Amino acid sequence: MTSTDSVNKTLSSNASIIQLHVEGMTCASCSARVERTLNRLPEVSHAQVNLTTEMATIEMDTAQLPLAVDAIEDAGYHVVVPQMILDVEGMTCASCVARVERVVKRLPNVVDAQVNLATEQAVVQGWASQAHVIAAIEDAGYVAKPLQAALHRMDEDKQARKAAEQQQLQRDFKWALGLSVPVFVLEMGGHLWSDFHHWISHHIGMQTSWLLQCVLTALVLLLPGRRFWQTGLPALFKGAPDMNSLVAVGSLAAFGFSSVATFLPDVLPPQARHVYYESAVVIITLILLGRVLEARAKGRTSEAIRRLVDLQSKTATIERDGQILTVDIAQVQRDDVVLVKPGERVAVDGVVVGGQSWVDEAMITGEPMPVEKNLGANVTGGTINQQGSLRVQASAVGDATVLAQIIRMVSEAQGNKLPIQAAVDKVTLWFVPAVMVLSLLTFALWWLLGGEAALSLAVVNAVAVLIIACPCAMGLATPTSIMVATGRGAELGVLFRQGSALQSLQEVSVVAVDKTGTLTEGKPQLTDMVLQDAFEREHVLSLVAAAESPSEHPIAQALLQAAQKAHLDIPSLRHFESHTGLGIAALTDAHHIHIGADRYMQQLGLDVSVWQVQAKALAAAGKSPLYVAIDGVLAAILAVSDPIKPSTPAAIAALHAQGLKVVMVSGDNRVTAEAIARQLGIDEVVAEVMPDGKVAVIQDLQHQGKVAFIGDGINDAPALAQADVGLAVGTGTDIAIESADVVLMNGRLTAVADAIALSRATMRNIHQNLFWAFAYNIALIPIAAGILYPFFGILLSPMLAAGAMALSSVFVLSNALRLRWFQA
């Protein structure tokens, strides 16, 4: 949308993102038409439509939603109305039912409401928010609660719908095939047996043969072929033709011309008295076959989501009120204790409150080795308990579980459009009208220049142009690859929160990595402690632990744990201050304590040169030196080391193998940071970076090219947002994950190289699909128009055109499905 468009929009401040499920779109022209229709509405800020997922994402005021729905319906498509189910308590009679129905139906954006007294449930159709519906029912004097639908049930409903569509397509194809074979044999049998036409003329007569073909063709058009003209002709009459319009016009043109030749032969020149019933029926049959194959292939593109949904347990065994019950997963509540037997899936996210076992988390993190779970350990719903039994207290259920969030992120990424799709959309918007114009031009040229058989040649070639054109392949080229790639990424433990990251990631030339928690374990340990002569180790360490106790920084926790392991008494604090990027200051009943970097000590007026040799030696070993001052006197130098993750060296090597520059961003002093960088073979180090300085580092690196930044902490969130692609370690903070474009679920840095390799493979796949889609149309439309006839005497039969058109979409889908077996 241009800036001019946005100026002309009259948006409410209540604008929000709404998704509509739109049925009836069969090609890129359809999705482009719906998108254009929505964007023309002044109430809509922005809209984009995804053909593969059949979803329209609209930014507008929810109160104006009926306008968007009506516009889509007027354009000839169907909007699936969402449905919510509520438990309603307090109804005692039919009057209660009528009252609840009445108050709900009065709400904006409610299409229908049905209340059942026996089940005490209300089924509400429409786009009103659940909160508004519940509030209306409660204002009427009843109690309403949402009935949580399990993930597997939602998926089963969708699969049932898709299965019904496939079955209908298969039935139509079988009917078309059965009716088409006799037509094809009657008209084309002479090519198989030279005396066949003579036998037909002698026994039943050619006119009778044509009448029989006419009846059979009419049945094909009226029964299995009705889907094309029922949607295609209205779209054509509204000035927005789609692929169905091409098929409808092409098949009806062949049938119409043949009918004239059959019943009114005298109105045609003798050379044009031919019938093309076989073309009409074969067009319908082959395109239905293509639709059947396409539907099957489309179903496979969402297999990854289905496999994720299948990880969700359908039932759970819980302890409640002293009883052990097996309940539907939707009935499990937070803080319920769930029993998990050996071999069962963990039903919910939670904490182990009893038992010990090993749990296979490969389906969530991609890690092949089981993880030991003891008392207090966190477990994730969807993982598999292996040996022992566990008692798990639920901490997250329903949509709040990690698995539900993964499914949501993958689904949202699959619905996104890549930047490359914008150019394709512009082409597909005008593609079908352009094809119809080309068909008319083809008809006119052959009529004028075709000689004695001009009319027949004009009809055949014009129909071939209509039929061979395939906007579907262009519309499916990008979204199908995105769907398969994001699903495959989820299986590898790489979640693309933004589908656009699939394109951006392959353009990256610099990978910047935060050190703590990303390159390292994020679990530092106290390794060295050098004291001034006047101080004792236990006394200094107890004061250090006291000073650091309010802090949640990993280094603070390491110092506190060291004191706890030594069983030291830790005094209480009277005051605590944190100086970001420098250190901390604290006050006990007896002492002032300062802990931090050398630059912090220098600000306090303390001379750290006495520790210069020790500090350099510690830093050269990759350790982080810290100074401790007690009551204004330099007391000790500490060294803290954060172990490097086992996967880090292999990850850096893999990034180098991909031709990428790796930059480490660290708050450590330069000597320590460079020592770690040398150990890992990192190309460049940016050290002594204050937490709020990471954005500036990313901005400087962006002068070298596209930058990916990998982080895990709260202070990484701004840098993740600034980078061209932000990758968050899945074991990091929620804030970091929400700021990232890609989430690495298993915490392994090698997943970054996997994500980049998947991005590159996906873009190659998309380019292959687009090349095929455009090259197919550019090459075959002129051939269908008869450009080869003057030189080689070759004309493309409409039947062959239908076969080529049907297979073009199948080729694109099959190529996209190759990403299911991607290996980095």
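The values are calculated or read from the model by the stated rules, or taken from the named source; none is laboratory data. Given the structure is predicted, the values throughout are model-derived calculations rather than measurements. FYI the Cβ positions are ideal-geometry reconstructions off the backbone, even for glycines, and counts take in every protein chain you see.
Taking the criterion of being outside the structural domain of Leu288 (by TED's automatic domain parsing), crowded, with 18+ Cβ neighbours inside 10 Å and either touching a Ser or Thr at 6+ places or on another chain (Cβ under 9 Å) or within 30 Å of Gly290 (Cβ to Cβ) (or both), would at least one residue in region 89-101 satisfy it?
no
Could you check region 575-595 and list, in sequence order, the residues that are of a type in the set (A, V, I, L, M, F, W, C) and outside any loop (DSSP other than H, G, I, E, B)?
Phe576, Ile584, Ala585, Ala586, Leu587, Ile593, Ile595
Based on what the data block shows, is Gln312 of a type outside the set (Lys, Arg), at pLDDT below 85 and part of a loop (DSSP other than H, G, I, E, B)?
It is true that Gln312 is of a type outside the set (Lys, Arg), at pLDDT below 85 and part of a loop (DSSP other than H, G, I, E, B).
Of the residues in region 596-634, how many are touching a helix residue (DSSP H, G or I) at 6+ places or on another chain (Cβ under 8 Å) and part of a strand (DSSP E or B)?
Of the residues in that region, 8 qualify.
Say we look at region 610-651 and pick out the residues that are within 45 Å of the chain's Cα centre (by Cα) and among the β-branched types (Val, Ile, Thr); which of these is modelled with the highest pLDDT?
Per the criteria, the residue is Thr648.
Tell me which of these Ala501 doesn't satisfy, since it passes every other one: (1) surrounded by fewer than 24 Cβ atoms within 10 Å (Cβ to Cβ); (2) at pLDDT 85 or above; (3) of a type outside the set (S, T, N, Q).
Condition (1) is where Ala501 drops out.
Of all the residues that make up region 200-244, how many are part of a helix (DSSP H, G or I), of a type in the set (Gly, Ala, Ser) and over 24 Å from Ala473 (Cα atoms)?
Selection size over region 200-244: 3.
State all residues of region 367-391 that are surrounded by 14 or more Cβ atoms within 10 Å (Cβ to Cβ) and among the charged types (D, E, K, R); if no residue qualifies, say none.
Glu367, Lys373, Arg391
Residues of region 784-803 being crowded, with 20+ Cβ neighbours inside 10 Å and either among the acidic types (Asp, Glu) or assigned to a helix (DSSP H, G or I) (or both), which ones? Before you say what the answer is, go through the steps one by one.
If we filter region 784-803 for residues that are crowded, with 20+ Cβ neighbours inside 10 Å, which is where we start, we get 784-786, 796, 798-799, 801-803.
Hits for region 784-803 are Ala784, Ala785, Pro798, Met799, Ala801, Ala802, Gly803.
Say whether the condition of being farther than 24 Å from Leu817 by Cα, among the acidic types (Asp, Glu), assigned to a strand (DSSP E or B) and under 31 Å from the mean Cα position of the chain (by Cα) is met by at least one residue in region 366-377.
There is no residue in region 366-377 that is farther than 24 Å from Leu817 by Cα, among the acidic types (Asp, Glu), assigned to a strand (DSSP E or B) and under 31 Å from the mean Cα position of the chain (by Cα).
If I go through region 626-651 residue by residue, how many of them are surrounded by fewer than 19 Cβ atoms within 10 Å (Cβ to Cβ) and of a type in the set (Ser, Thr, Tyr)?
Matching residues across region 626-651 total 1.
If you check Arg161 against the conditions, is it assigned to a helix (DSSP H, G or I), modelled with pLDDT of 90 or more and of a type in the set (Lys, Arg)?
Working: assigned to a helix (DSSP H, G or I): yes; modelled with pLDDT of 90 or more: no; of a type in the set (Lys, Arg): yes.
No, not satisfied.
When you scan region 208-231, do you find a residue that is in the same structural domain as Ser279 (by TED's automatic domain parsing), exposed (fewer than 15 other Cβ atoms within 10 Å of the Cβ) and touching a Pro at 6+ places or on another chain (Cβ under 9 Å), even just one?
The answer is no, given that none of the residues of region 208-231 is in the same structural domain as Ser279 (by TED's automatic domain parsing), exposed (fewer than 15 other Cβ atoms within 10 Å of the Cβ) and touching a Pro at 6+ places or on another chain (Cβ under 9 Å).
Restricting attention to region 691-733, which residues are surrounded by fewer than 19 Cβ atoms within 10 Å (Cβ to Cβ), in contact with a Ser or Thr (Cβ under 7 Å, 6 or more places away or on another chain) and among the aliphatic types (A, V, I, L, M)?
Across region 691-733, the qualifying residues are Ile714, Ala721.
Could you check region 268-286 and list, in sequence order, the residues that are among the β-branched types (Val, Ile, Thr) and modelled with pLDDT of 85 or more?
Val281, Val282, Ile283, Ile284, Thr285, listed by residue number.
Among the residues of region 385-408, is any in contact (Cβ under 8 Å) with a residue 60 or more places away in the chain, closer than 25 Å to Ala477 by Cα, assigned to a helix (DSSP H, G or I) and out of contact with any strand residue (DSSP E or B) (no Cβ under 7 Å at 6 or more places or on another chain)?
Scanning region 385-408, I find at least one residue that is in contact (Cβ under 8 Å) with a residue 60 or more places away in the chain, closer than 25 Å to Ala477 by Cα, assigned to a helix (DSSP H, G or I) and out of contact with any strand residue (DSSP E or B) (no Cβ under 7 Å at 6 or more places or on another chain), so the answer is yes.
In this structure, is Lys623 among the basic types (Lys, Arg) and surrounded by fewer than 17 Cβ atoms within 10 Å (Cβ to Cβ)? Reasoning before the result, please.
Details: among the basic types (Lys, Arg): yes; surrounded by fewer than 17 Cβ atoms within 10 Å (Cβ to Cβ): no.
Judged against the criteria, Lys623 is not a match.
Please note which strands (runs of 3 or more DSSP E) are completely contained in region 483-572 and include at least 2 residues that are over 22 Å from Ala723 (Cα atoms) and not assigned by TED's automatic domain parsing to the domain that holds Pro691.
525-531
Are there any pairs with C-beta distances below 7 angstrom linking a residue in region 440-461 that is in contact (Cβ under 8 Å) with a residue 40 or more places away in the chain to a residue that is hydroxyl-bearing (Ser, Thr, Tyr) and assigned to a helix (DSSP H, G or I), with the two at least 6 apart or on different chains, and if so which?
Filtered contacts from region 440-461: Asn461/Thr442.
Among the residues of region 262-300, which ones are over 30 Å from Ser814 (Cα atoms), buried (at least 22 other Cβ atoms within 10 Å of the Cβ) and touching a Leu at 6+ places or on another chain (Cβ under 9 Å)?
The answer is Tyr277, and nothing else.
Tell me which residues, restricted to region 254-296, are acidic (Asp, Glu) and touching a residue at least 40 places away in the same chain (Cβ under 8 Å).
We begin by selecting, within region 254-296, every residue acidic (Asp, Glu); these are 266, 278, 294.
Within region 254-296, Glu278, Glu294 meet the criteria.
Just to check your reading of the model, which residue among Leu573, Leu541 is free of Cβ contacts under 8 Å to residues at least 60 places away in the same chain, hydrophobic (A, V, I, L, M, F, W, C), surrounded by fewer than 19 Cβ atoms within 10 Å (Cβ to Cβ) and within 21 Å of Tyr600 (Cβ to Cβ)?
One residue alone meets the criteria, Leu573.
Go through region 7-45 and give me each residue that's at pLDDT below 80, of a type in the set (A, V, I, L, M) and in contact with a strand residue (DSSP E or B) (Cβ under 6 Å, 6 or more places away or on another chain).
Leu11, Ala15
Could you check Gly141 against (1) modelled with pLDDT of 85 or more; (2) touching a Gly at 6+ places or on another chain (Cβ under 8 Å) and say which number it fails?
That leaves (1) as the condition not met.
Please work out which residue is farthest from Leu541 (Cα to Cα), limiting yourself to region 586-607 and to residues that are at pLDDT below 90 and surrounded by 16 or more Cβ atoms within 10 Å (Cβ to Cβ).
Among those residues, the one meeting the criterion is Asp598.
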